Amino acid sequence: MAETFPINIWINEERFKALQEAGLGGLLKEELAGMKVLIVPCNEAQRDKVLKLFPMAKYDAATTKSIELLPKYVKDKLYEMAVKRKTLNMMDEFVAGFAKAGDAFWNQDIA
Amino acid sequence: MELIGHGGKPLVERVITDKAEAKNKIKGLKAIPASRQMATESIGIALGFFSPLQGFMKRADVDAVVQKMELADGTLWSIPIVYDISDKEIHDYGIKAGMSVLLTRNGNPMAIFEIEEIFTYPKEEIAFKVYGTKEEKHPGVARTYAYKDKFLGGKITLVQSPKVREPYTPYFLTPRQHREKFKNLHWQRIVAHQTRNVPHSGHEWLMKHAFIAAHGELPVESMEVMGKAISGVLVNCIVGEKRAGDYIDEAIVLSQDGLKKYGYFREDIHMTTMTFWDMRYAGPKEAVHHSIIRANLGLTHHMFGRDHAGVGTYYDSYEAHRLLMSIPKEKLFITPIFVLEWAYCPHCGEVTCIGLCGHWNELQKFSGTKIRSILMDEVKPTRMIFRPEVFDIVMDAAKKYGFGSPFVTPEYLAEAAPAFSFEPL
Ligand SMILES: [Zn+2]
């Protein structure tokens, strides 16, 4: 399997329900005291694009092996897109959406 | 009433509270601006947090601390408290041993400094003996190397009490005031929880663990009744120099107090206060220093967890425990309580001590990275991680004091108002 560079999104009970309805409940990983994470996979090209678009983010190769320090609004949007599209295979759409609309993207509804 | 502090010596209190007297005493003194660091330490000295120190250390004390972890008179001491100054400043201000000067902060009078000695001490020697390394990437070592070339030793007397800003005002108590509070609460045993963190439930359990251990063989009967506790937990937050990525001090102090405010600890067994101190991350030596400060606050016990006050990989996880255990009882004026980490066990379905439950491979630890990531995402965590009210307090503090973040950002470093200040006399 090709190496992935995931983005971890925290899932509490409220979000868990929505994800279950989207059929993504089975993809969650138990992380800490009832909190789960949704692991959104990125390939190398997607990772590089994410790090370029969001300079505050870092790929933590040492401990978590995931893309960290993305702002809340980015992760909220990723979560929203996963629920709407009912798939985790939406990084290309996400990256293209932000690249096209810029900051207006955060206020756009996912159709 | 004379109070006894660390070393079995009288608690130091060197503050002139009468304005007229202060004005009179500073008349004619040369004014020298003090850095934030030196002002922080002047407060620590004059209010007695660093008892029995009455001033900045002279060479004999620095040497004894560095070489033997004690003051020149044999009192246990682990970190040099020094006033650094450049040759140019000594020349420009005409500083000589034997003269008194007025230290100022932002142009306002702060303290009288009776300079008794001007001296040098090799910085590398301080670094290696205190921090165990000469590497500049250790923040305590970096601070040592950044000292100017000379040190001034001598007594410090504040000419006014520091003004502490909101939201810290109710949390800043002098050692004397701490002791008055403890007396009113009838606490016989008080255990310190040293912190630079907002409390997740792992921390909450560390405090409970330490409370139970410190209370020990004392009776519990009276404790059934609210208001009748005879032991307490003091959360003493270290407020001082910050590094990007630390929790902001406002969030720490307010969220720790939130545990009591929302009943997770009873009102009569829990208290949150703060001490001005710039962390040196000296690990074991810092643990000794913390025990000295807390003995001066009037505490009987001090909790020490894993990796106490360390940084990077400079110290073993339990090195602080080992150093404290090696110090004879009569030199350490507080009883250490050693605690193991608490973690969430999905098998037990609760937060438990890693030394108690047998589901070793299932434990989910409260890693700093995970907690930080939860807070950054602002996804309300389960109450097994954060008490909901505590989480809300942290988020409110982020908005009110942290420019939107519960963590120190460059903006916070540049713009947050200093925690203390001095006014014109
Ligand atoms: Zn268990």
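The values are calculated or read from the model by the stated rules, or taken from the named source; none is laboratory data. For clarity, every value in this text was computed on a predicted model and none was experimentally measured. We place every Cβ from the backbone using ideal geometry, glycine too, and count neighbours over all the protein chains shown. Ligands, DNA and RNA are stripped out before the accessible areas are found, and what is left, the full protein with its side chains, is counted by its heavy atoms. Shrake-Rupley method; radii C 1.70, N 1.55, O 1.52, S 1.80 Å.
A few comments on the model shown:
- In order through the range B:103-116: 3J(HN,Hα) via Karplus (6.51 cos²θ - 1.76 cosθ + 1.60), integer Hz, x for Gly, Pro: 7, 10, 10, 6, x, 9, x, 10, 8, 8, 10, 8, 6, 9
- Under 17 Å from a label point set 7 Å out along the Cα-to-Cβ vector of B:Asp87, the amide N atoms of the range B:140-163 belong to B:147-152.
- Residue by residue along B:379-386, Cβ atoms of other protein chains within 10 Å of the local Cβ number 6 on average.
- Hull volume in cubic angstrom per residue (convex hull over the Cα atoms of the range B:105-210): 218 Å³
- Converting phi to 3J(HN,Hα) with the Karplus coefficients 6.51, -1.76 and 1.60 and the offset θ = phi - 60°, the range B:125-137 yields 5, 4, 4, 5, 6, 8, 9, x, 7, 10, 6, 5, 6 Hz in sequence order, with x at every glycine or proline.
- Mean Cβ count within 10 Å, highest first, over the residues of peptides B:104-113, B:396-405: B:104-113, B:396-405
- Here the alpha carbons of the range B:6-162 define both size measures, Rg and Dmax, at 15.5, 48 Å.
- Among beta bridges that DSSP assigns inside the protein assembly as shown, antiparallel share in %, nearest 5: 60 percent
- Amide H to amide H distances under 5 Å link B:Ile190 with B:Gly232, B:Thr300, B:His301, where only residues 5 or more positions off or on other chains count and H is placed in the peptide plane.
- Antiparallel %, DSSP beta bridges [both residues in chain B], to 5: 55 percent
- Surface accessible to a 1.4 Å probe, per residue, for the residues of the range B:233-382, Å²: 36 Å²
- According to the calculation over all Cα-Cα pairs in the range B:30-85, the P(r) per 5 Å bin from zero is 4, 21, 27, 23, 16, 6, 2, 0 %.
- Of all DSSP bridge pairs formed entirely within the range A:7-101, close to 90 percent run antiparallel.
- Under a model in which nothing but the beta-carbon of Lys, Arg (+1) and Asp, Glu (-1) is charged, the protein assembly as shown shows a dipole of about 540 debye around its Cα centre.
- For the range B:256-316 versus the range B:172-220, the gap between their alpha-carbon centres in whole angstrom: 10 Å
- Shielding by other protein chains, A:34-42, mean Cβ within 10 Å: 3
- Alpha-carbon Debye profile of chain B, log10 I(q)/I(0) at 0.14 Å⁻¹: -1.41
- Between the amide H of B:Leu173 and those of B:Met274, distances stay under 5 Å, these residues lying 5 or more places away or on another chain, with hydrogens modeled in the peptide plane.
- Volume in Å³ per residue [convex hull over Cα atoms, computed for the protein assembly as shown]: 177 Å³
- Here the simple spin-label model places points 7 Å from the Cα toward Cβ, and for A:Asn107 and B:Lys365 these points are separated by 4.4 nm.
- Averaged over peptide A:3-9, the number of partner chain Cβ atoms lying within 10 Å of each residue's Cβ comes to 1.
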